[in-house]
Structures are given as C-alpha cells and as structure tokens.
1. List the residues, sorted by chain then number, that are 5 or more residues from K259 or on another chain and whose placed amide H is less than 5 Å from its amide H.
2. Any chance you could run the full-extension gain for T334 through A362? It's 0.36 nm times the residue separation minus the Cα-Cα distance, nm to one decimal.
3. Can you give the accessible area of E153 in Å² (nearest 10), computed on protein heavy atoms with a 1.4 Å probe?
4. Hey, quick one: spin label on D99, modelled 7 Å out along Cα-Cβ, who in segment 256-295 has an amide N within reach, i.e. under 18 Å?
5. With a probe of 1.4 Å, find how much accessible area segment 201-243 has per residue, and write the answer as a whole number in Å².
6. Summing Lys, Arg as +1 and Asp, Glu as -1, what charge do residues with Cβ under 11 Å from the Cβ of V369 carry, V369 excluded?
7. Can you check what the net charge comes to around A233, using other residues whose Cβ is under 15 Å from the Cβ of A233 (Lys, Arg +1; Asp, Glu -1)?
8. With the cut-off at 27 Å, tell me which of the pairs K144/K316; K144/K259; K157/K275; K275/K381 have Cα atoms farther apart than that.
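The values are calculated or read from the model by the stated rules, or taken from the named source; none is laboratory data. Note that the structure is a prediction, hence the values are computed from the model and not measured. Note that each Cβ is placed from the backbone with ideal geometry, even for glycine, and that neighbours are counted across all protein chains shown. The accessibility values were calculated without ligands, DNA or RNA, using every heavy atom of the protein model including side chains. Shrake-Rupley method; radii C 1.70, N 1.55, O 1.52, S 1.80 Å.
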Amino acid sequence: MLKNMKKIVALLLAFLLLLGMVACGKDVEDGAETTAGTETSAPTPTPTPTPTPDTDGEGEGEGDGEGEGGGSTIQTTTTALNASTTGIKLLGGRTVATDSQINLDHSGSGIEFVLRNSGRSLAFEVISSAACRFKVFVDGELCKPISGEAFFEVNGKSLISVGSVPMGNHTVRLVRITDQAVATAQVTKVTYTGIISADTPDNNDLYIEFIGGTEAVGGEDVTSAYSYKLAEAMKADYAIVSMLTAVTGADDLSARYTKTAVKRDAAAEHGFARKADVVVIDLGALDVENADTEAFTAKYKSLVDVIRAKNGEDCKIVCVYRWNFGELGNAIQTLCRETLGGQQDGVYLCQMVVGEDLVLDATEAAEFVTTLQGVVDAAVKGIITEQELDAEESGDGLVADFNTFVPLGTKG
C-alpha cells in the first residue's frame, strides 16, 4: 500500500514539473520573439497636449518651453523698438530711430521686419500726439482691426493688435498713412510669438523722394497716393518729405527740405546718409489764380538748388505740373527747360491730368502712376526724348502718352 502511495506522489510531482516547464518555455519563446524583432502590435502613443499661449503677455525668451503638467507653452515676447533693435528696416526715408523709440512723423514712415511666427498674435505699441492712422501688412496683405476698417487709428498711447499670424516666416510692415499738421508719432514695442530675424530686410536699389502734392486718391490715405503706388510698382525705397502743395508764402520748402521732421524738432538737420536717386517735385499754389509767378519760380529754383547740393549732381529731378496751373505751369516748364538745363542736365517734366474737380480719381491715379513710372525710368537711364528736344513744337513735356515718345539716346 505504502509502495503504491509513493508511486502516486512521484507521478503527481512529475506532472507538476512538466506543467512548469511548459509555462517557462512560453515565456522564453515570447521573449525571444521580442528581442529578435518579430513584428508585433505598436504601443499606443501618449497624447501631446496642445500648446497654449503664455498668459503673462510679456515673456523674456522665444520659442517653446515646458509648461506645468508636462505640456508645452508658446512663449510671448515683447521687444523694445529703438536704434539698437536688430532686424528692423526703417521705411519712409526720414524715419528716425532713437535710443527709446522709432519716430513715425511723416506719411509713409514705418518699419519692416521678418518674423518667424509660432501662429499667435502680433501687436505694436504706438504713441501719437494727435489722431493718426496706420496700416499693417503681412506678406503684402492688409490686416484689419475687428471693426473692419482698413486702418488702425491711434490717438495717444494705443495697442495695434493684428490678431493671429500663421506659423512660418512672414514680412511684416507697419506704415503711417496720415500727415496731420501737428501730429508726431512713435512705435515703441512689438509683441509676438516666435523670433524676429536679426537680418534687416535689404534696401532696394532705387530711392525716390517725393515733395509736395503726393495726395491720395480722393484724399483716402498715403497708401493709395501715387507716391506710394509708384514706389511699390518700381520696387523702390521712398520718402514723402511734404504733403504741402504751396511753395509761396511763409513756408520755405528749401529750408524744410534739409530738416528731418519739423513737427518734432524744427532744428534737427537731416543727415542725407542715403542720397536720393530721383526727387519728384509736385508743387503748385493753394491759390493758383492769384499766385505770384515770379516769387514762385524763384522759390522753386531755390528748392532744386538745395536738392542738388544735398544729393549730388547725379540726382535726377522730375517736375510735375498740372493742366490747371495756368501761368504757374508755364513757369515750371520754362524753368526746367531753360534755367535748370532740361533732360540734358537730368531735369524731366511730367504733366498730371486730373478731372474738373482737380482731385485724382482711381482711374486718373492709375494712369498717372504709369506715366510717372515711365518718366522716372527714363530719368534714371538718362534717356533724352524727341519731345524734349522739340519743346517748342510739342509744348507739353512728358504727358500721359509718354510710352509713345521716341528715345533719341542717353546723356553722355
């Protein structure tokens, strides 16, 4: 009996040992499959939290940082804008950067830079002494405020908030579009998510200055003015020195031309570090009928003399006159052709044709930009036209059909 019991126990132990060997064998087999790289089901990834903006509004750094709970946070950066800020191109020719700000005292003045954005908001802090209007462009596209206006109005200290800008590299431009008689303005800060490129956008090869009546279509704003449109069409840098149309009376444009921003500091001399390749002069008189033609001519010549002295003899002068100028129009033509040397000495005439209301409409403005572009291009290249040499017969200088004029050669 005892012998039989021993056999039964032995058989049970053997059976249990066999079960253990089978189970261990499966574990080893599974492990071998894993280490050998046999195809298995991929593990389910842990979800990454959606980035959230920095709630402080002003961050010290750029890029992504670790937020609480393991989530990433897009850092918001506020950069002071001044003479030390890298990567900022000054627009408008006479835009000045100081130790504390960038002054936007002229119509068309502004800034441009390249932003590597993280897909969040963009805003500027702007301060003005009176109501001024600004436009913001991202890659040439106009950004509008929530109100739907085509501009941002600033009176005092204001924040121009553009809203979200898509991720990626973008060229950003802030432009002042109004020129009130007493208003100064400055941009002091820009807030963004991402990085502003340290490389300043390149200057264009051509630099044009506009003096006088560079008014907008229907008085809308400088970005619809022929000056701004011509600069854009010719891929030129520009300066709008004065919106005045009067050269007679107390306002001496010869003296004003040498100053950077008379509304801020009447004594501040403009350094002319960058000299104009072309200066377009569009001067008349507020009261054409009663204008003193002799005084007008004398001041006009004085202004041209100063322009040449500051920019060099190679600077081209384009003198605009309008069909309704009467004796003043004749005086401008005579002055340019006879006293100032005409095209042979780099002085070109261009007639502006406007309607009976004396204000450029959209069609007239487009035609004039095309006309003026042809004249400026001819001036830069030194082209002499048949009509200039036969002024007595043609009488009108360069008119709207400039492209039909026959170039006879270049100066020299």
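1. Correct list: H270.
2. Here the segment from T334 to A362 would lengthen by 7.1 nm.
3. Spelled out: E153, probe radius 1.4 Å, area about 100 Å².
4. Those under the cut-off are none; the list is empty.
5. 33
6. On the way: positive: K229; negative: E232, E364, E367.
Combined, the nearby Lys, Arg, Asp and Glu give -2.
7. Summing Lys/Arg as +1 and Asp/Glu as -1 gives -3.
8. The answer is K144/K316; K144/K259; K157/K275.
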